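Student: The structure follows.
Every read-out reported here was derived from the displayed coordinates using simple, explicitly stated rules and does not represent laboratory data. Since we're looking at a predicted model, the values are computed, not measured. Cβ sites come from the backbone with ideal geometry, for glycine too, and all protein chains shown count toward neighbours.
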Amino acid sequence: MTETIITGALFSLASLGTIVLLAAPAVNSAIAAEDRLAKVEEITVTSERREKSLQETPVSISVLNAEQLETRGITSLNGLENSVIPSLSILPFGTTPSTLIIAIRGNGPIDPSQVTRDGSVAIYQDGFYLGRSQGLSLELADPERIEVLRGPQGTLYGRNATGGAINVVSQKPTGELGLRQVLTYGNFDALRTATTLNLPEFAGISLKFDYIHSERDGWVDNTAPDEADFFAFNKDGGRVSLNWQASEDIALDYFFETGEVEASQIYWQVAVDRIGVIGNEPRRARESRFPITPLDPSVTDYDMHGLTLSWTASDNLTVRSLTSYRETVESTRNNFAGALGFNGVIVSEEYDQEQFSQEFQVLGTYDRLEWVAGLYYFEEDAGQDTQNLFTLDLLGLLTGTPLTPIVPPTTFDVFSGADAPLRQIESRAESRAVYGQATWTPPILNDRLQLTVGFRYTDDSRDATRLETIEQSFELDTDSFDPLVTVNYFWNDTISTYAKFSTAYRAGGLNVRSASFSGFGNEISETIEVGLKSMFWDQKALLNIAVFTTDIEDAQIDFANPDNPVAIETINAERTVEIDGAEIDLTLAPVPGLVIGLNYTYLDATVPPLANPLAGGNPENFNLAQTPEHAGSVTADYTFPPLPFGTLIAHVDMTATDEYHFVPGNMTQDLDSYALFNARLTLTDINIGNSSLVAALWARNIFDTEYVQAGAPTAAGDLEVYGTPRTYGFDLTYQF
């Protein structure tokens, strides 16, 4: 795998070098050296609830700013898949394409769709926690940056952040009249339009409007006529942002966001047919071998309000109130005919969720002390109705003719000889927390030493009912105290090292597929981390390194029944799960206009044999999902000296990941390593009067690599989902 990463890096750099050498004779190098300084740009983050330089923040964190997101073609969270940030894994969920499986440093759930359990990575949008993974594939409206905080975030981002946190920060209204229109077109009839309109400030009020439409045809054709194709999507979203500077001391920020995501199912193909009835499918099938009908897209609708009030009480004290409300409704009818079950299976599900949060923050500075304290409240009501339907009589057991569609789909399962029951889940959760964190600079060592301590106390409650032939109830109250201690030392103005101990917890919950409906308790993650943050070579090089060891106590482990993989029980592991690793982020600006980036993550997960409660308590080997041993990315960007009609920018990148498991536990299936190459050529600063135009050509997965993103073993055979083939297109951006 290391050879794969190095080879990809050399290829990317060689490709860029060729472009540079071919163009170099046509430019004036003296002008280039004067106009384009060779240095790494400083990055500002809000990971500690206040704006601070990334290099001064003793946190392992990756940041993609607006320009980097645009260059890589990332317009939604699922655009971060394929090791764009090596510590972060984002994969599609098996039954609901708009739901994402998110893990950081190997810590993440495999089934994020259940409303009775929580993930291990906290997702924040403009400071507001998003409680569910449903609908996370929505398009992002004019993002300023995305911050990925790696490792437990138990104090400031405390709710269920045992793996880490993702913070999406949106652009605020500018207060000046401006329009930005983006048009993208690509193969598979991909079309995206993004409109941003800023209005002039009036009476201290600034307004911004965003509208996004994105669509793409499926790249696996459904052989059933007049039915949807696999992997197709259609997304619409709008956002209104308001900033009101009521006075010099009081400011209000509000946004309302709404949208809809229609997404056809991802295509699960049979890689290994264990019983020899339907046979193996070819690698990366481009059409379904059975006519899949009906195949209706999943539809996810969401609305969200966010209100932030800020009062600057003095130069040293700021008080904030953050209030949010979000509602998500989803309807899915994903058809697995030909892959799961020999009579074809539709997983028909109706989901709805409402959440409310209220947070108060107080940020202060006093002499040598910098601190933040807060109160947090979150509540959620969610419902989930699931019905299995049968749609394709593969063996002719029901209709007498093999491969006959069952119209209309039936609830009758020929193998069990009974109707599949309707499962109805109602769940309510509440979370209350108090937290604080303070950094002190003692009057020693020339003020180069910083000591940080923090804590968060969280009290969670959850109750749920399940109606599936009989009614069952569940109730759980849990709490946790999570401390943080950090020692940070600045050897000079540009080099620092830190050591940190932190914990975080994931609240207990319930697996809706559990026969006992008894639930499981908290999961505690403890991490010791040491890190280096450095800027050197006259600000031409940035090197950040983090080495860590994480112990997960009472890890929430999913076990499948070997005789019936659909029956899953979640327990708290009796023995400690350990994940050790290292992260390297290197950025170089060796000559004017050229920026090279290298990101690498190493993970070593140790999971002791665990007793399977569904197999007589016998110990079984266990594998963590989404934990490749090696993952990395290499980027190279070159900005040519300005031309009379604009500025040319070339970008290439390579992402690579080692083999990994998509499903955990005793359900083992290794997915092979792969590397992907992407490129973009942009002509910017094309002046048209008082306006400007940007034109770009791009391609992703240039070599059309066939790679498996997801895989699941079943009693009948191994199933696989292939990643997106080569895509290409162009962007046009108009702005005034």
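Student: Take Ser62, Ser525 and order them by how many other Cβ atoms sit within 10 Å, fewest up front. Could you put the intermediate results ahead of the total?
Tutor: On the way: Ser62 26, Ser525 29.
Ranking Ser62, Ser525 by Cβ neighbours within 10 Å, fewest first, gives Ser62, Ser525.
Student: So what is the calculated 222 nm ellipticity per residue for the chain, using -39500 (n - 2.57) for each DSSP H run with n of 4 or more, over all residues, to the nearest 500 deg cm²/dmol? Don't skip to the answer; put the middle values down first.
Tutor: Working: 3 runs with 35 residues, N = 736.
The helix-only estimate for the chain comes to -1500 deg cm²/dmol at 222 nm.
Student: Right, another one. Any idea what angle helix 2-23 forms with the longest principal axis of the chain, computed on alpha-carbon atoms, 0 to 90 degrees, nearest 10?
Tutor: With both axes taken from Cα atoms, the answer is about 50 degrees.
Student: Short version: ³J(HN,Hα) in whole Hz for each residue of segment 455-472, in order, from phi by Karplus 6.51 cos²θ - 1.76 cosθ + 1.60 (θ = phi - 60°), x for Gly and Pro, what are they?
Tutor: 7, 8, 10, 10, 10, 10, 9, 8, 9, 8, 10, 10, 10, 8, 6, 10, 9, 10
Student: Here are labelled values, (i) 156; (ii) 146; (iii) 176, and one is the computed volume of the Cα convex hull per residue in Å³ for what I pasted. Which one?
Tutor: Checking each listed value against the structure points to (i).
Student: Using the Karplus curve 6.51 cos²θ - 1.76 cosθ + 1.60 with θ = phi - 60°, what ³J(HN,Hα) values do you get for each residue of segment 515-520, in whole Hz, with x for Gly and Pro?
Tutor: Here the 3J(HN,Hα) series is 5, 7, 6, 9, x, 9 Hz.
Student: List the aspartates and glutamates whose Cα lies under 16 Å from the Cα of Lys533, skipping any in the same chain that are fewer than 8 positions away.
Tutor: Once the sequence-local aspartates and glutamates are set aside, what remains near Lys533 is Glu41, Glu42, Glu56, Asp493, Glu583, Asp585.
Student: Sticking with this structure for a sec: Where does each of Thr601, Thr71, Thr550 land when they are ranked from fewest to most other beta-carbon atoms within 10 angstrom? List each step's numbers first, then the result.
Tutor: Values: Thr601 29, Thr71 20, Thr550 26.
So the ranking, lowest neighbour count to highest, is Thr71, Thr550, Thr601.
Student: Once you list every other residue whose beta carbon is under 10 Å from the beta carbon of Asn572, what net charge do they have if Lys and Arg are +1 and Asp and Glu are -1?
Tutor: Numbers: positive: none; negative: Glu523, Glu553, Asp554, Glu574.
Cβ neighbours under 10 Å give a net charge of -4.
Student: How would you order 353-362, 289-298 from highest to lowest mean count of nearby Cβ atoms within 10 Å? Mind dumping the intermediate values first?
Tutor: Working: 353-362: 18.4, 289-298: 20.1.
The most tightly packed comes first, giving 289-298, 353-362.
Student: Test of understanding: express the Cα radius of gyration of segment 58-139 as a ratio to 2.2 N^0.38 Å, with N the residue count.
Tutor: On the way: Rg = 12.7 Å, N = 82, 2.2 N^0.38 = 11.7 Å.
Normalised by 2.2 N^0.38 Å, the Cα Rg of segment 58-139 equals 1.08.
Student: For Lys540, which lysines qualify as cross-link partners when the Cα separation must be under 17 Å and same-chain residues fewer than eight apart are set aside?
Tutor: Partners found: Lys39.
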